[in-house]
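Here's the structure we're looking at; comments come further down.
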There are 2 protein chains.
Amino acid sequence: MSFREGILIGIDLGGTNVRAGAISWDGQLLNWQETPIEAMRGPEAGLLTITQLVEDVIVKADRPVAALGVGSTGPLDRECGCIQNPYTLPGWEDVDIVGPLRERFEVPVALENDADAAALGEAWVGSGQDVKRMFMVTIGTGVGTSLILDGQIYRGRGGEHPEGGHIIIDPSGPECYCGAHGCLESLVSGPAIAQFAKNADNLKSSVLYDECQGNLKKIDASMVFNIARGGDALCKQLVEKTADYIALGLVSIIMLALPDCIVFTGGVLRSFDLLEARIRSVIAQHDVIIPATKVKIQPAILGQQAGMFGAARAAQLLLMDTKK
Amino acid sequence: MSFREGILIGIDLGGTNVRAGAISWDGQLLNWQETPIEAMRGPEAGLLTITQLVEDVIVKADRPVAALGVGSTGPLDRECGCIQNPYTLPGWEDVDIVGPLRERFEVPVALENDADAAALGEAWVGSGQDVKRMFMVTIGTGVGTSLILDGQIYRGRGGEHPEGGHIIIDPSGPECYCGAHGCLESLVSGPAIAQFAKNADNLKSSVLYDECQGNLKKIDASMVFNIARGGDALCKQLVEKTADYIALGLVSIIMLALPDCIVFTGGVLRSFDLLEARIRSVIAQHDVIIPATKVKIQPAILGQQAGMFGAARAAQLLLMDTKK
């Protein structure tokens, strides 16, 4: 039997849940399951949880396993196959995840960070299919980018994942933990939008203030977007500001890399309908020396399954690489 | 005889001169010549000039030609092998340059824009040798970028050359023909530096004003740099401002692509000694979530021969591609 008839297991390891799916060689999801990772119980218990989940998925798929991939919340060390993440996964530092899985299932095991895995999934069977150069931009609590070139993850120096969420957009902007003032994340992430709202001069005359009953801690980006839909002046201003800054970020990506498409995802971009017209209009202003408006800007379509698909795709790429 | 024993001809076609060199398979320059292109005499006369120059170089090298490459001032259309440049080469629009050269010399002919050719040259035998990801940044009359990945030119959507000189740096900056306010070129190109000088409040108290005898048209970037060396307050401010903006541009490149090295060239960067300390210090401030200071920032070393070497390398890559 060819290894192409075996299944690929994609594991999406987050801070709260772990999800595993059995995926065919051509990208069909056969079955999947999810369970709490309970990271506080430590990496050993976590590995048992993951192994059990994978076993269940394999039994249900009733086909041999060809390879296994993990997309994990970072930071991680791909070289040694370890998770180094005491933040999202408390106590998980220097946790070898590739070794035990390889030993247990006796197949090649790939490890990618979750952002790259999601991008790989979208490029494989999602929004960026058949595209040579796909940038994925995630705007939520943080802002991140991944670049998929010819179906492969673009890696920076030393194999590291670049941090395109921190390109400079406006040096007069807020300070960020990355060392910059006015990087993209400091201007358009969920917390950044909430902070702009809290600092606004006209906050008290906004529905936002009534809504949070004066308790500014309650303000978050989704509240801003929801109230903007009702026509509130401040929230509409904040939405416009967010759209302008996102557009400038996309313009820089387009100028520097001229991808075929930019696939977006993340909590803030769930309100893309509110942002879209203005983003596209700003990009159109920059369509002079470069065909900026021809770069497709479109939502991710795999939702929370992107990471699982991408992890399976990473497994597939690793396997094909070993068969060369 | 293997085609590897033949020579590669690299042609660097500029608005003023054309240069051709015979280069061995391993990147040794055997001989080269240069002559005015006299673009005003039209493309037919120009093509004759180029052909004659190449013949002279071949005769002198006394070895068979394996392939030929042209690095030309753009815009150009690589697909059809045409130059579309009525700006720098008056009258040269839709000029097929690949066809006639291929017919005359009966070898594969590659065509690249001059920026990509220069970057390819530096990556082959210059400053970016043995580097997986090399960004070249040119700062002169204009600002441009080229990315070489695994020894090949990175191309944007539709094979087009990205315009990384126009990433957004400061939206409060000057308007640029690219549609942006405060793109990198609008802030750090030679003309941009001169314009900042002309607009400065304290211009009249600067040595700059004496030097140009009140004729502001005489002010250019190299004058600013020269006078800064003497300690003039305004010129020193302008140098610092230029360094800060260049650094922010490099930070964005590092965040988005995390290359192994950034090779710089161009007229403004000839004064790198004045800019270097401040550029490195700003980049060091951004060395938090990404190893920004580990990205090598170094000058191009091939000077005016970079384009010729790169054109020869493009010819070599094309030939290897056809032999696959």
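Report, ordered by the first and then the second residue, all pairs with beta carbons closer than 6 Å, sequence separation of six or more or different chains, a first member in the stretch A:211-227 that is touching a residue at least 24 places away in the same chain (Cβ under 8 Å), and a second member that is surrounded by fewer than 15 Cβ atoms within 10 Å (Cβ to Cβ).
The qualifying pairs are A:I219/A:K198.
Within the stretch B:22-77, how many residues turn out to be without any contact (Cβ under 8 Å) to a residue 40 or more places away in the chain, crowded, with 16+ Cβ neighbours inside 10 Å and part of a loop (DSSP other than H, G, I, E, B)?
Here the count works out to 2.
Considering only residues of the stretch A:158-172 that are more than 19 Å from A:A243 (Cβ to Cβ) and buried (at least 18 other Cβ atoms within 10 Å of the Cβ), which is farthest from the other protein chains (Cβ to nearest Cβ)?
A:H161
Out of (1) closer than 25 Å to A:E38 by Cβ; (2) part of a loop (DSSP other than H, G, I, E, B), what's the single condition that is false for A:A118?
Against the list (1) closer than 25 Å to A:E38 by Cβ; (2) part of a loop (DSSP other than H, G, I, E, B), A:A118 comes up short only on (2).
Do we have A:V263 as assigned to a strand (DSSP E or B) and either not aromatic (F, W, Y) or not assigned by TED's automatic domain parsing to the domain that holds A:A115 (or both) here?
When the stated conditions are applied, A:V263 passes them.
Please work out if A:L275 is assigned to a helix (DSSP H, G or I) and touching a Phe, Trp or Tyr at 6+ places or on another chain (Cβ under 7 Å).
No.
For B:F135, work out the one condition from (1) more than 14 Å from every other protein chain (Cβ to nearest Cβ); (2) within 27 Å of B:G266 (Cβ to Cβ) it doesn't fulfil.
Going through (1) more than 14 Å from every other protein chain (Cβ to nearest Cβ); (2) within 27 Å of B:G266 (Cβ to Cβ) one by one, B:F135 breaks only (1).
Can you report the number of residues in the stretch B:255-291 which are of a type outside the set (S, T, N, Q), within 17 Å of A:I167 (Cα to Cα) and at the interface with chain A (Cβ under 8 Å from one of its Cβ atoms)?
11
Look at the stretch B:154-173 and say how many of its residues are outside any loop (DSSP other than H, G, I, E, B) and free of Cβ contacts under 8 Å to residues at least 60 places away in the same chain.
5
So which of A:I283, A:I289, A:I262 ends up being without any contact (Cβ under 8 Å) to a residue 24 or more places away in the chain and not aromatic (F, W, Y)?
Exactly one of A:I283, A:I289, A:I262 is without any contact (Cβ under 8 Å) to a residue 24 or more places away in the chain and not aromatic (F, W, Y), namely A:I289.
If the Cβ limit is 9 Å and pairs must be 6+ apart or interchain, which residue in the stretch B:174-187 that is in a helix (DSSP H, G or I) pairs with which residue that is modelled with pLDDT of 95 or more and of a type in the set (K, R)?
So the pair list comes out as B:L187/B:K241.
Determine which member of the set A:V143, A:V137, A:V98 is surrounded by 24 or more Cβ atoms within 10 Å (Cβ to Cβ) and in contact with a Gly (Cβ under 6 Å, 6 or more places away or on another chain).
A:V143
Residue check, B:F105 against (1) buried (at least 17 other Cβ atoms within 10 Å of the Cβ); (2) farther than 12 Å from B:I50 by Cβ, all met but one. Which one?
If we test B:F105 against (1) buried (at least 17 other Cβ atoms within 10 Å of the Cβ); (2) farther than 12 Å from B:I50 by Cβ, just (2) comes out false.
The values are calculated or read from the model by the stated rules, or taken from the named source; none is laboratory data. Small disclaimer: the values here were computed from a predicted structure and weren't measured. Neighbour counts run over all protein chains shown; Cβ positions are idealised from the backbone, glycine included.
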